[in-house]
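Peer 1: Attaching a single structure in structure tokens format; questions to follow.
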Ligand SMILES: Nc1nc2c(ncn2[C@@H]2O[C@H](COP(=O)(O)OP(=O)(O)O)[C@@H](O)[C@H]2O)c(=O)[nH]1
Ligand SMILES: [Mg+2]
């Protein structure tokens, strides 16, 4: 179909949905070998939600080698995204969103295939979006109340959320929960690029783009299996730290390079001052050249930070332009413009 034809097609769907004012909800479930728990998830998805006219379930099969797809079909799932090989959660999320937009979703809810989240609360999750109060809603797992989380994990959770909130300019109690609802415009504006931690990245992006994010308190279901995303807490901490630093460099490079450069500059002044002080006291520079050398190295490093800051800022501006372009392309592809 030509672009024009496609646009015409979407325009009529668009017109119809405006006239009928229908709201379509797509519930996407990324799955990697979830045949054992997927039935529990599918059975607990509400069949009727206030303010929603059409509920569609979309399973993203991320290269499963078990019966995930067959089980989903047995439970009535009609829409799938298939990855022949495992592509990771970030890619699965992105592909799911594109498919959901293609299906004409007004709202997309993401839940996991391990029945970790209470699907019966999806109605509460989408309510703030339906009422026009939020662009994104996050299910706050109230991690301090989760019995199988150790004290260390609870503290890490708090720290992780605090750092993400700082980077995003938000105040979310559980910034990394995967149980979320997004409205269509938010999804068109978000572009997650990290393969691993789209949860953190989407929040930082959404915060920086001025999208309104709300939290809804939920209770998680009892744990049925270990997390497959992280083999250990150390791996979790390291990967999250890398994601957050990368997000800062992408959105607020002056914070990383500004502070680093400033600290290096201040440290560099100390050996210089030492050099001047002892040279004046001794009446000779002899024996104090080392201070000059260390000071110069620190100053060069500070100058490099300044240069990196300028480059990162130019790339950031470019990214904004590319994202605006992408937004327009998505509107052309999926229809509807505010
Ligand atoms: N571990 C993992 N999960 C994936 C992948 N692709 C999709 N998923 C799904 O992502 C969801 C979250 O995975 P899970 O191991 O429960 O992670 P956690 O609950 O965030 O610790 C589940 O529904 C998985 O089936 C992948 O490559 N690896
Ligand atoms: Mg899980």
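Peer 1: Would you confirm, using the coordinates I've provided, whether residue 133 is away from ligand 2 (no atom under 16 Å from the Cβ), in the same structural domain as residue 43 (by TED's automatic domain parsing) and within 29 Å of residue 251 (Cβ to Cβ)?
Peer 2: yes
Peer 1: Separate question: Wholly within the range 18-128, which strands (runs of 3 or more DSSP E) include no fewer than the required count, namely at least 2 residues that are touching a residue at least 60 places away in the same chain (Cβ under 8 Å)?
Peer 2: Qualifying strands (runs of 3 or more DSSP E): 24-31, 107-110.
Peer 1: Is there any pair linking a residue in the range 222-244 that is under 14 Å from residue 156 (Cα atoms) to one that is within 12 Å of ligand 2 (Cβ to nearest atom), with Cβ under 6 Å and at least six apart or on different chains, and which?
Peer 2: 236/230
Peer 1: Follow-up question, since we're still on this one. Restricting the search to the range 213-248, which residues are in the same structural domain as residue 116 (by TED's automatic domain parsing) and farther than 29 Å from residue 64 by Cα?
Peer 2: Result: 213, 214, 215, 216, 217.
Peer 1: Additional query: Only one residue in 50, 34 is at negative phi and within 13 Å of ligand 1 (Cβ to nearest atom), so which one is that?
Peer 2: Among 50, 34, only 34 is at negative phi and within 13 Å of ligand 1 (Cβ to nearest atom).
Peer 1: OK, next. Which one is nearest to residue 241 (Cα to Cα), of the residues in the range 194-224 that are loosely packed, with under 15 Cβ neighbours inside 10 Å and more than 16 Å from ligand 1 (Cβ to nearest atom)?
Peer 2: Out of the qualifying residues, it is 210.
Peer 1: Collect the residues in the range 60-73 that are surrounded by 13 or more Cβ atoms within 10 Å (Cβ to Cβ) and more than 10 Å from ligand 1 (Cβ to nearest atom), keeping them in residue-number order.
Peer 2: Residues satisfying the conditions are 66, 67, 69, 71, 72, 73.
Peer 1: Can you name the condition, by its number, that residue 98 falls short on among (1) closer than 26 Å to residue 251 by Cα; (2) within 16 Å of ligand 1 (Cβ to nearest atom); (3) touching a helix residue (DSSP H, G or I) at 6+ places or on another chain (Cβ under 8 Å)?
Peer 2: Failed condition: (3).
Peer 1: Only one residue in 88, 169, 123 is on the phi > 0 side of the Ramachandran plot and away from ligand 2 (no atom under 16 Å from the Cβ), so which one is that?
Peer 2: Just one listed residue meets the conditions, 169.
Peer 1: Can you give me the number of residues within the range 225-254 that are within 9 Å of ligand 1 (Cβ to nearest atom) and either in a loop (DSSP other than H, G, I, E, B) or in contact with a strand residue (DSSP E or B) (Cβ under 8 Å, 6 or more places away or on another chain) (or both)?
Peer 2: Residues flagged as within 9 Å of ligand 1 (Cβ to nearest atom) and either in a loop (DSSP other than H, G, I, E, B) or in contact with a strand residue (DSSP E or B) (Cβ under 8 Å, 6 or more places away or on another chain) (or both) within the range 225-254 amount to 6.
Peer 1: Then there's this: Take the range 177-206 and flag every residue that is within 26 Å of residue 332 (Cα to Cα), within 16 Å of ligand 2 (Cβ to nearest atom) and over 9 Å from the mean Cα position of the chain (by Cα).
Peer 2: The answer is 180, and nothing else.
Peer 1: Within 14 Å of ligand 1 (Cβ to nearest atom) and at pLDDT 95 or above - does that describe any residue in the range 156-165?
Peer 2: The answer is no; no qualifying residue exists.
Peer 1: Based on this model, can you work out whether residue 308 counts as exposed (fewer than 14 other Cβ atoms within 10 Å of the Cβ) and out of contact with any strand residue (DSSP E or B) (no Cβ under 9 Å at 6 or more places or on another chain)?
Peer 2: no
Per-residue answers, yes or no, for (1) surrounded by fewer than 18 Cβ atoms within 10 Å (Cβ to Cβ); (2) within 18 Å of residue 38 (Cβ to Cβ):
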{"position": "102", "(1), (2)": "yes, no"}
{"position": "105", "(1), (2)": "no, no"}
{"position": "110", "(1), (2)": "no, yes"}
{"position": "129", "(1), (2)": "no, no"}
{"position": "138", "(1), (2)": "no, no"}
{"position": "146", "(1), (2)": "yes, no"}
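The values are calculated or read from the model by the stated rules, or taken from the named source; none is laboratory data. On a predicted model such as this, the values are computed, not experimentally measured, just so you know. As a convention, Cβ positions derive from the backbone with ideal geometry for all residues, glycine included, and neighbour counts pool all protein chains shown.
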